[in-house]
1. Does a label point 7 Å from the Cα of B:LEU216, set along Cα-to-beta-carbon, have any residues of segment B:136-163 with amide nitrogen under 18 Å, and which are they?
2. So for each of B:335-344, B:196-205 I average, over its residues, the number of other beta carbons within 10 Å; can you give me the resulting order with the highest mean first?
3. Report the convex hull volume per residue for segment B:66-129, counting only C-alpha atoms, in Å³.
4. Net charge within 14 Å of B:PRO266 by Cβ-Cβ distance, Lys/Arg positive one each and Asp/Glu negative one each, not counting B:PRO266 itself?
5. Partner chain Cβ atoms within 10 Å, averaged over the residues of A:155-162 - can you pull that number for me?
6. On average, how many beta carbons from a partner chain sit within 10 Å of the beta carbon of a residue in A:133-139?
7. Using per-residue counts of other Cβ atoms within 10 Å, averaged over each peptide, order A:97-109, B:146-158, B:12-24, A:205-217 from highest down.
8. Summing +1 for each Lys or Arg and -1 for each Asp or Glu, what net charge is found among the other residues whose Cβ lies under 15 Å from the Cβ of A:SER260?
Amino acid sequence: METLKYIIKRILQTIPLLIIVSMISFFIIRLSPVDPLAELKLNPSVSPETVEKERARLGLDKPIIVQYGKWAISFVKGDLGVTSTGEKVSQKLGERIPNTLLLTTIVILLTWLVGVPLGIIAAVRWKTNLDRILTVLTSIGMAIPSFFFAVLLLMFAVKTGWFPVGGLTSPNFADMNFGAKFWDIAHHLILPVIVLFTISLAGLQRQMRANMLDVLDSDYVKFARAKGLSENVVIYKHALRNAVNPMITLLGFEFAGLLSGAALTEYVFQYPGLGRLILEAVLKSDINLVMASLMMGAIMLVAGNLIADILLIITDPRIRSKS
Amino acid sequence: MIRDLFKALWKDKFARIALIVLGVIYLALFLADFIAPYTKDFSDRTMAYVPPSKVFAIDENGKFSKPYTYNYVREFDSDTLQIKYNLDRSQKHYIKFFAEGQTYKFLGLIPMKRHLFTTDNNGRIFILGTDINGRDVFSRLLFGGRISMTIGFLALFVLFPIGLLYGGISGYFGGKTDMIMMRFAEAVMSIPSFYLLIILASILPSGMTSSQRFMLIVLILALIGWAGFARVVRGMVLSIKTEDYVQAAQAIGASKLRIIIKHILPQTTSFVIVAMTLSVPSYILSESGLSFLGLGIQQPDASWGNMLKEAQEFTNILYRPWLLTPGFLIFVSVLAFNLIGDTIRDVLDPKSKVR
């Protein structure tokens, strides 16, 4: 019951947070010197009255606070407006968000599956050659600029022809049966996943190693060893459970980092995700689209943190008793 | 303390190599005008996308000779419909060291003519090839590096005072002030940083001079990082403010701002140094990412990020690999900064064993 209360409280806390986020984003975008009506104004066949009408429709003739209020009300109602080319923003987001979520989920799963064990191994074999090699490798992984790595992989793909270049699906995707479709998407995903995996793996492995080293140094681990427990029991039963807890907090941050890192990777691979959408929208200064994708990015990030917090309550009894 | 830190860095094998590498890079950037055979704005339109010059030290008779190079000539192969670059073997161009070449102003002040290496007047030496406008990639790497390698530091010097003061005030005052300030910082942190970065960059007006743009990019980079930093500072301030000496300062009636700046914030110094060195690379990466997308430093100015912009095209990737060199430089310098940052953390914060 207590846990449930805490979770509900935590969910309610995100609402004011998102309101502030939307205000910050809105005012930043309205600061832009680009006139959203510039294109209409330059068009000689559009009469000044039409431009005025459009201005009134977008609410641009009102003070910025009123504009924000209008935007916020329609956002809450679920109406995200239309893009500058007349498409529905919600439909556009609906196409892109699942793709970004697919990419980031795969990457997070993979990094955890590989990064956590590697972190444990490095900590257990602290200061051995294996540990040093892993440290060097993670240093390299952390230093590669994501877009540069993506360009290099693209070069590899073009040269060998082993991987499709860009996009998420092949042109003849619609005609494929289920198995072929699955393979087609997987095939397109390999390179972007490699890029993001390499970059986030390094950070995760280091964090896991540090946590594990901290825990291995603690009194209760020393006690467990003194009690004569086998090394395996000490590490996997006593140390590991405590070392993983801080990692769960990190999950939220990792998600945030991935959203940012994914933007550049999506751009290079022409991957139809949220990051590329926002970039295109920014370049065209499409206010509705930028605003909506910013909010979606923020919501995904806040939700990621929320999930991490809830997971933490479940795994760590100390937090439960505190709340 | 700085001296001890440097000693500790020098003792560590990796950190020493990293220090030397960064030293060489920064020295080269400092002397860029002299080392680069061409000036920043030099372009030879007939020499677009020329591959790296071949330097010969053994002549056609098999004898050692002074190093020389041949110019490339562009030829259109009508069979394969491709442009080819062939060596024009009719004329040798000897490479001259410390010779006079294009005039430049050393450090923007002293007019000079001498270059580390150059070749005769009608010869061209492009040791890393040229870009689409026939500009020497090697020279531009040096000039671009000046921007890429300083922008991160400048952003940090803007960001850290803001973050320190914000976190300090929030933590020290507590209560409602703290709540409002922290909610605001959390909101900034809730926007994926790269999204925020490109949106801020996109609102920059287009008609700016390059130095104005540079300053604004610094400001934007600083704007995305301060919130996370301020939050950590606030956490530290919360624990520091219960210390005896802070209460003593309160008792003698020191003003709140004075207590925050003089008594509380200095306690966070070692954290600040660690956080600063660890975040330099991420700012280098942010700037290059931004310029790579065309939202950061703009042509004709060079930065490592915007030089890589050309590497996005498939034909360039396949046939002009020399355009990728800025990427390797970003990689090497980020790696070096990371290694130094790790060692500094070990020294200042012996408890943490992340390494």
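The numbers here are math on the coordinates, done by the rules we state, and not lab data. Model, not experiment: these values are computed from the prediction. A quick note on method: Cβ atoms are made from the backbone with ideal geometry, for glycine too, and the neighbour counts reach across all protein chains shown.
1. The answer is B:151, B:155, whose backbone nitrogens lie closer than 18 Å to the label point.
2. B:335-344, B:196-205
3. 113 Å³
4. Counting the neighbours of B:PRO266, the net charge comes to +2.
5. Across the residues of A:155-162, the mean count of other-chain Cβ atoms within 10 Å is 2.
6. Counting other chains' Cβ atoms within 10 Å and averaging over A:133-139 gives 3.
7. On the way: A:97-109: 18.6, B:146-158: 20.4, B:12-24: 16.1, A:205-217: 22.0.
Output ranking for A:97-109, B:146-158, B:12-24, A:205-217: A:205-217, B:146-158, A:97-109, B:12-24.
8. With Lys, Arg at +1 and Asp, Glu at -1, the net is -2.
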